[in-house]
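Read the structure below first, then the notes.
Values in this text are rule-based calculations from the coordinates and carry no lab data. Because the structure is a prediction, the values reported are computed rather than measured. Neighbour counts are summed over all protein chains in view; Cβ atoms, including those assigned to glycine, are modelled from backbone coordinates with ideal geometry.
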Amino acid sequence: MHAQTRRTSSVEPALIDAWERLQVHYARHRNAAPFWDAYQAIQDELTRSHPDHHVVVCNRLATLAERLGVVHHAQLLGERRGERRHTGSTSP
């Protein structure tokens, strides 16, 4: 996994919940505006709850959106343009 998206134990339970919530919103809305409204609300909630892990939270959510198929390639914070990464993980 990309270095900027390393697991942070205090954030993990919240990300598991976020993954489940994103799946529900994606099933309902696909890539429409209501999905992105929910995504932004989840991101805001997580960054407020974990102020020391903004980059980790944002990158993990972007990776989750990529896994759902909402975006072809999530652009991660701190990722250099053209940098390739493996996203084959089966966990959030």
| query | Label points 7 Å out from Cα along the Cβ direction at Ser10 and His72: separation in nm? | reply | 3.8 nm
| query | How do the peptides 21-34, 51-64 rank, highest first, by the average count of neighbouring beta carbon atoms within 10 Å per residue? | reply | 51-64, 21-34
| remark: Computed about the Cα centre, the charge dipole of segment 10-68 from +1 Lys/Arg and -1 Asp/Glu charges at the Cβ has a magnitude in debye, to the nearest 20, of 220 debye
| note | Projected convex hull area of segment 10-68, Cα atoms, direction-averaged, in nm², equals 3.4 nm²
